[in-house]
Amino acid sequence: MIVVASDAHRDHHASELHDGDFGPSFEGPERAERIASALAAEGHALVGPDPLDLDLVGRVHDADYVEFLADAWDRWTERGLTAPMAMAHTWPPRGSAGRRPTDLVGRLGYHSFAADTTIGAGTWSAVSSSAALAQSAADRLAADGEAVYALCRPPGHHATTDQFGGYCYLNNAAVAAQRLVDRGSATVAVLDVDYHHGNGTQHIFEARRDVFVASVHADPIEEFPWFSGHADETGVDDGAGWTLNLPLPRGTDVPTWMATLDRAVDRIGDLGVEALVVSLGVDTYVGDPLGTFALDTGDFTLAARRIAELGLPTVVVQEGGYADDALGRNVAAFLAGLS
Ligand code: OKP
Ligand code: ZN
């Protein structure tokens, strides 16, 4: 399978406020390195991305937000701040007017929703490259119909139209889905199997009837991202019925997870969409430090086989997965089941 990958991610090594401790993020460069070497060893062909099309990004994110992300690090240093990571410490109180602060520190709060995600010197270059991988994967799929894997880092599914958080800045899966629409697919499904709810992807597409978003994840009542991903969120306005959330309790066993995946896959099959984007988080792995599900490496192959039964042109976009030692084999196992 074609794997679209880049080294630009290496300069992005963020910090994270994790349960009260501030330290290196779980989402580090090692992740992509492990996946790339495992896939190369399996004989997959690694290719680089084309330059990012900012007009494409502007169809799934607010233009002001993208400009903010691109400039934030320079504005941080120009403001005389010397900390190695730019981050917010204040978010809008519920019911606030929501006016956008002009000062950078206030703007960081306006454009983020979690203290687990910071911006450093190499962040924009990694983020824009990660989105370019998703764009290029979609272009390749549109050209020849063969499934493509985008080794995106940082991940994207938590990034909303105008907020970063959950280690995500630009929504790579949304970029891929939008590209497939722009290249002629009337309808596309995003199937998000990451342990965490893809709140950003839902937010971007919830009022649209051309991109269906289905997600199997830990119940947000007891897990990050806490505030969306409930079963009764089924789409908004024109998008009514075009969002499917299948939350599961922490500690859910593998047979239950597989049966729930089946429900999402069946629904996608019933809708008759023309293309598929898989948001592949492997933090459902039994050994993942951020997850509580129990999938083993072979289960990723079984999951992929089930998804492949849809027979849809498919782009796979990397999301989470933090058991660094097992990341490569888990992703390789999934791709093996797809083809
Ligand atoms: C990103 B993706 C831990 C709490 C906040 C939550 C994890 C973000 C997961 N420090 N971070 O969905 O894998
Ligand atoms: Zn996750």
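Throughout, read-outs are computed from the coordinates displayed, never taken from laboratory work. Note that the coordinates shown come from a computational prediction; the quantities given were computed from them, not determined experimentally. Positions of Cβ are backbone-derived with ideal geometry, glycine not excepted, and every protein chain shown enters the neighbour counts.
Here are the numbers for this structure:
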| quantity | calculated |
| --- | --- |
| Whole-number percent relative contact order across the range 66-158, with pairs defined as alpha carbons under 8 Å at least 6 apart | 25 |
| Only Lys, Arg (+1) and Asp, Glu (-1) charged, at Cβ; the range 160-218 dipole about Cα centre in debye | 160 |
| Helix 254-271 axis, angle to the chain major axis (alpha carbon atoms, nearest 10°) | 90 |
| Global form of the range 1-153, assessed from the alpha-carbon gyration tensor, a/c cut-off 1.5 | prolate |
| Folded to 0 to 90 degrees: helix 63-78 orientation relative to the chain principal axis, Cα | 50 |
| The range 128-188-the range 17-84 distance, computed between alpha-carbon centres (Å) | 13 |
| The chain, relative contact order in percent, only Cα pairs under 8 angstrom and at least six apart counted | 18 |
| Given charges at beta-carbon only (K, R positive; D, E negative), |dipole| of the range 206-274 in Debye | 100 |
| Residues whose placed amide H lies under 5 Å from that of HIS18, excluding near-sequence neighbours | GLY23 |
| Charge dipole of the chain about the Cα centre (unit charges at C-beta), most positive-ward option of ALA142, PHE212, LEU54 | LEU54 |
| Separation in nanometres of the label points that stand 7 Å from Cα toward Cβ, at TRP226 and ALA41 | 3.8 |
| Phi-based couplings in Hz for the range 128-137 (Karplus 6.51, -1.76, 1.60; Gly and Pro marked x) | 5, 5, 4, 5, 5, 5, 5, 4, 5, 4 |
| Within the range 233-339, chymotrypsin sites (Phe, Trp or Tyr not before Pro) in DSSP loop having at most 13 other beta-carbon neighbours inside 10 Å | none |
| DSSP-assigned coil residues among GluC sites (Glu not before Pro) in the range 204-243, each with at most 15 further Cβ atoms within 10 Å | GLU222 |
| Calculated from backbone phi, Karplus (6.51, -1.76, 1.60) coupling profile of the range 222-227 in Hz, x at Gly/Pro | 9, 7, 3, x, 6, 10 |
| Most mobile listed residue (GLY184, GLY120, GLY311) in the chain, GNM with C-alpha springs under 10 Å | GLY184 |
| For the range 4-16, 3J(HN,Hα) per residue [Karplus equation, 6.51 cos²θ - 1.76 cosθ + 1.60, θ = phi - 60°, Hz, x = Gly/Pro] | 9, 8, 8, 8, 4, 5, 4, 7, 9, 9, 8, 9, 8 |
| Whether the range 1-86 is rounded, prolate or oblate, judged on the alpha carbon gyration tensor where a/c under 1.5 counts as rounded | oblate |
| Amide H contacts under 5 Å for VAL278, placed H, 5+ residues apart | LEU191, VAL315, VAL316, VAL317 |
| Interchain or long-range residues, amide H under 5 Å from VAL47's placed H | VAL3, VAL4, ALA5 |
| The range 24-107: GluC sites (Glu not before Pro) in DSSP loop, at most 16 other beta carbons within 10 Å | GLU42 |
| Net charge dipole size for the range 76-208 [Lys, Arg +1 and Asp, Glu -1 on Cβ; Debye, nearest 20] | 380 |
